[in-house]
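Scroll down for the structure; my scribbles are underneath it.
The values are calculated or read from the model by the stated rules, or taken from the named source; none is laboratory data. Just so we're clear, the structure is a prediction, and the values are computed from it rather than from any experiment. Cβ atoms come from the backbone with ideal geometry, glycine included; neighbour counts cover every protein chain shown. Note: accessible area is taken over every heavy atom of the protein model, side chains too, but ligands, DNA and RNA are not part of it. Shrake-Rupley method; radii C 1.70, N 1.55, O 1.52, S 1.80 Å.
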Amino acid sequence: MKIEGDRPIRIVIAGGGTAGWMAAAAIARTMGRAAEVTLVESDMIGTVGVGESTIPPLVTYNRLLGINEADFMRETRATFKLGIQFDNWLREGEGYFHSFGLTGKDHWAAGFQHFWLEGRERGHSEPYDDYCLELMAAHAGKFAHLPDDRMNYAYQLDSARYAAFLRRMAEAEGTHRREGRIAQVELDSENGDIHALLMEGGERVEGDLFLDCTGFRALLIEGALHAGYDDWSHYLPCDAAIAVQTRSVRPPPPFTRAIAHDSGWQWRIPLQHRGGNGIVYCSRYLERDVALDRLLSTVEGEVLNEPNMLRFLTGARRRQWYRNCVAIGLSAGFMEPLESTSIHLIQRAVLRLIRMLPAREVSERDIAEFNDQQMTDMLQIRDFLILHYKATERTDSAFWRYCRAMDVPDSLVQRIGLFRETGRVFRKNEELFAENSWVQVMMGQGIVPQNHHPIAGKLTDDEVDRLLQTLRTGVSKTVASLPSHDSYLRRYCGAQDTAPGSHADAVGG
């Protein structure tokens, strides 16, 4: 890619949906007249539409784009999310909560878990959960914005409405939308770059930089450029999902649920106007019809749409930026939405690309750096997801016996071993999941440290008592002062009533 003269860089986005419109809105808002953005999509091609549960970085992303949060939540029918409730993962009938935010108070030399472990040795029996504000607020069904952003949160949202919301923003900022199907990807005969997209109607869309947001099809990055794909299904064996929407039957809680079953897991995502439900499973151990019956027999409320059947191969594109094409979203790779990372990976790729946008021509150094950072992100998330499957005591099915016995990456073996032996967790290279996330999930999955940092032993019994009591009381008092999540939603963004029978527009959602 080489840009002659002083003209703006021509960026062509292939595909709409969440990925395409997140990219268009961010580039158009950030670059202004320095970039000419065109998005090609067809109303005849559906989107996956299951990335409806998010994590806290999306709050930052929306703020960077200058989005009014109340307007965004009203338009996308969003609810607040404080974490994920995991049921049946360690053993059937047991659960734990992975919250956003911090637990207790860390010392620079050691995380709070070391002081909590010291307290247990001295007779304190209070659960680790009691020291986390977001976790206790979620269990109580409460939420509010607190001073200094003390309450960490994300959103549960209607992804189709989010794409439409971003489309309006992007088009207002100058993005041009072209309707139609892509018939052919035209390559430059000299350098092998993408030169243009040829539409079924005969139109030709030229560009300098092309973003592949065509989902699992990966029409540009793989179909035309053959960038290659790394298969991770031996670590994450689930390869199919079914999604349905249901009418709400109760006020939405401020968290997502991930409920393990004998061949995978199910999700429940509460929005203002409906619920998002799905079953993720391994087709080697569960037939599709059985999975569908299981899903439909366990959802709450009237089913509002035809089930969406999905097949996928967990893994990552080997080169997510190749020549003058960048893969964004599902075209770059896929990991099941167990920790709600789908939209986050779109966000990371878009913001990273904006930081590395070429001036006159693409630098191979930029491409190499982008690919290295993207792959690092995905490998770290991959390990975190594998942890949920590997660290289990379930032996009730062939699926769970496979997960318990499977080999895992050395990077995860080191993480688990370090925590089990010392209680330590280290965050590497600004990775997504911080120390608190690893601690909550590892302890939730039954990994209890055998030792902890000696600095906690410096405290006297009175000091340990005072520390734990002060922190626990602080969380308890704050939670007691919070309004219910449902009432706060209605007050903050005019959320529609979530009582049964009040959803006249639910099907349109």
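Please work out how much length the chain gains when fully extended from ARG168 to GLU200, using 0.36 nm per residue of separation minus the C-alpha to C-alpha distance, in nm with one decimal.
Details: separation 32, 0.36 × 32 = 11.52 nm, distance 2.53 nm.
Gain in length upon complete extension: 9.0 nm.
Over all directions, how big on average is the projection of the convex hull of the alpha-carbon atoms in the range 161-263, in square nanometres?
Working: hull surface 46.2 nm².
Computed as one quarter of the Cα hull surface, the answer is 11.6 nm².
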I'd like the accessible area for HIS176: 1.4 Å probe, protein heavy atoms, all chains in place, Å² to the nearest 10. 90
Which cross-chain or sequence-distant (5 or more) residues have an amide H under 5 Å from the amide H of GLU36, H modelled 1.01 Å from N in plane? ILE9, ARG10, ILE11
Just need the Rg to Rh number for the range 1-139, please, alpha carbons only, Kirkwood Rh. 1.15
About the Cα centre of the chain, what is the dipole size in debye to 20, counting +1 per Lys and Arg Cβ and -1 per Asp and Glu Cβ, all else neutral? 620
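Tell me the carbon and sulfur percent of the accessible area for the chain, rounded to whole percent, probe radius 1.4 Å. It would help to have the intermediate numbers written out before the result.
Numbers: 10050 of 21190 Å².
Result for the chain: 47 percent of the exposed heavy-atom area is carbon or sulfur.
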I need the phi-derived Karplus couplings for the range 52-61: 6.51 cos²θ - 1.76 cosθ + 1.60, θ = phi - 60°, integer Hz, Gly and Pro marked x. 9, 10, 10, 10, x, x, 5, 4, 5, 4
Convex hull per residue volume in Å³, alpha carbons only, for the range 365-509: 270
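Could you do me a favour and compute the accessible area per residue for the range 359-402, 1.4 Å probe, result in Å²?
On the way: 1880 Å² over 44 residues.
Value returned for the range 359-402: 43 Å² of accessible area per residue.
Using a simple charge model, +1 on the beta-carbon of Lys and Arg, -1 on the beta-carbon of Asp and Glu, nothing else, what dipole does the range 59-165 show about its Cα centre, in debye to the nearest 20?
Details: 11 positive and 16 negative charges, 53 e Å.
Roughly 260 debye, rounded to the nearest 20.
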Run the reach check for LYS477 against aspartates and glutamates, Cα to Cα strictly under 19 Å, same-chain hits fewer than 8 apart removed. What comes back? GLU126, ASP129, ASP130, GLU134, ASP148, ASP149, ASP465
Compute the long axis of helix 364-390 from its Cα atoms, compare it with the longest principal axis of the Cα atoms of the chain, and write down the angle in degrees, 0 to 90, nearest 10. 40
³J(HN,Hα) computed for each position of the range 304-318 - Karplus, 6.51 cos²θ - 1.76 cosθ + 1.60, integer Hz, glycine/proline x: 9, 8, 6, x, 9, 8, 10, 10, 8, 10, 5, x, 9, 5, 4
Test of understanding: express the Cα radius of gyration of the chain as a ratio to 2.2 N^0.38 Å, with N the residue count. 1.00
Could you please put LEU379, LEU271, LEU310 in sequence from largest to smallest accessible area, using a 1.4 Å probe? LEU379, LEU310, LEU271
For the residue pair ARG120 and LYS428, what label-to-label distance in nm results when each label sits 7 Å from Cα along the Cα-to-beta-carbon direction? 2.6
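At 1.4 Å probe size, put SER487, SER189, SER340 in order of accessible surface, largest to smallest.
Working: SER487 35, SER189 120, SER340 5 Å².
Ranked from most to least accessible, the order is SER189, SER487, SER340.
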Collect residues whose amide H, placed 1.01 Å from N in the peptide plane, falls under 5 Å from the amide H of LEU304; neighbours closer than 5 in sequence don't count. GLN245, THR246, ARG247
Residue by residue, what Karplus-based ³J(HN,Hα) values in Hz, rounded to whole numbers, does the range 166-178 have, using 6.51, -1.76 and 1.60 with θ = phi - 60° and x for Gly and Pro? 5, 4, 4, 5, 5, 5, 5, 8, x, 5, 9, 9, 10
Put one equal scatterer on each alpha carbon of the range 276-347, apply the Debye formula with no solvent term, and list log10 I(q)/I(0) at q = 0.12, 0.16, 0.17, 0.25 1/Å to two decimals. -0.46, -0.73, -0.80, -1.19
Cross-link candidates for LYS390: which aspartates and glutamates have Cα within less than 12 Å, leaving aside residues fewer than 8 places away along the same chain? ASP407
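In square angstrom, what is the accessible area per residue of the range 1-145 with a 1.4 angstrom probe? Each step should come with its number before you reach the end.
Values: 5570 Å² over 145 residues.
With the other protein chains kept in place, the range 1-145 gives 38 Å² per residue.
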Once you place label points 7 Å from the Cα toward the Cβ at ARG181 and SER411, how far apart are they in nm? 3.9
Calculated P(r) of the range 393-444 - Cα pairs past 12 Å, %: 71
Given H placed 1.01 Å from N in the peptide plane, which residues other than close sequence neighbours of ALA183 have an amide H under 5 Å from its amide H? LEU198, MET199, GLU200
Virtual spin-label span in nm between GLU287 and ARG360, 7 Å along Cα→Cβ: 6.5
Throw me the Rg/Rh for the range 119-173, computed over C-alpha atoms with Kirkwood Rh, two decimals. 1.27
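Given all pairs of different Cα atoms, what value in angstroms does the Kirkwood hydrodynamic radius of the range 8-74 take?
Values: mean 1/r = 0.0743 Å⁻¹.
Across the range 8-74, the inverse of the average 1/r is 13.5 Å.
Between ARG311 and ARG63, take the C-beta separation as r, use R0 = 30 Å, and let me know the FRET efficiency to the nearest 0.05.
0.25
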Charged-residue dipole, Cβ positions (Lys, Arg, Asp, Glu), the range 270-404 about Cα centre, Debye nearest 20: 480
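Using a 1.4 angstrom probe on the protein heavy atoms only, could you order LYS105, LYS458, LYS428 from most to least accessible area? Could the numbers behind the result be given before it?
Numbers: LYS105 135, LYS458 155, LYS428 105 Å².
From most exposed to least exposed: LYS458, LYS105, LYS428.
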Once a ≥ b ≥ c are taken as the square roots of the eigenvalues of the Cα gyration tensor of the range 364-435, is the result rounded (a/c under 1.5), prolate (a/b larger than b/c) or oblate (a/b not larger than b/c)? oblate
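May I ask you to work out the translational diffusion coefficient for the range 194-341 at 37 °C, viscosity 0.692 mPa s, via Stokes-Einstein with Rh from the Kirkwood sum over Cα pairs, reported in whole µm²/s?
Details: Rh = 17.3 Å.
My calculation gives 189 µm²/s for D.
Where Lys and Arg each count +1 and Asp and Glu each count -1, what net charge lies around GLY101 among other residues with Cβ under 13 Å from its Cβ? Mind dumping the intermediate values first?
Numbers: positive: LYS81, LYS105, ARG150; negative: ASP106, ASP129, GLU134, ASP148, ASP149, GLU435.
Overall, the nearby charge balance is -3.
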Size-normalised alpha-carbon gyration radius of the range 312-431, reference 2.2 N^0.38 Å: 1.25
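Can you tell me the length gained on complete extension of the stretch ARG217 to ASP71, counting 0.36 nm per residue apart and subtracting the Cα distance? Write down the numbers at each step before the final one.
Values: separation 146, 0.36 × 146 = 52.56 nm, distance 3.29 nm.
That works out to 49.3 nm of additional length.
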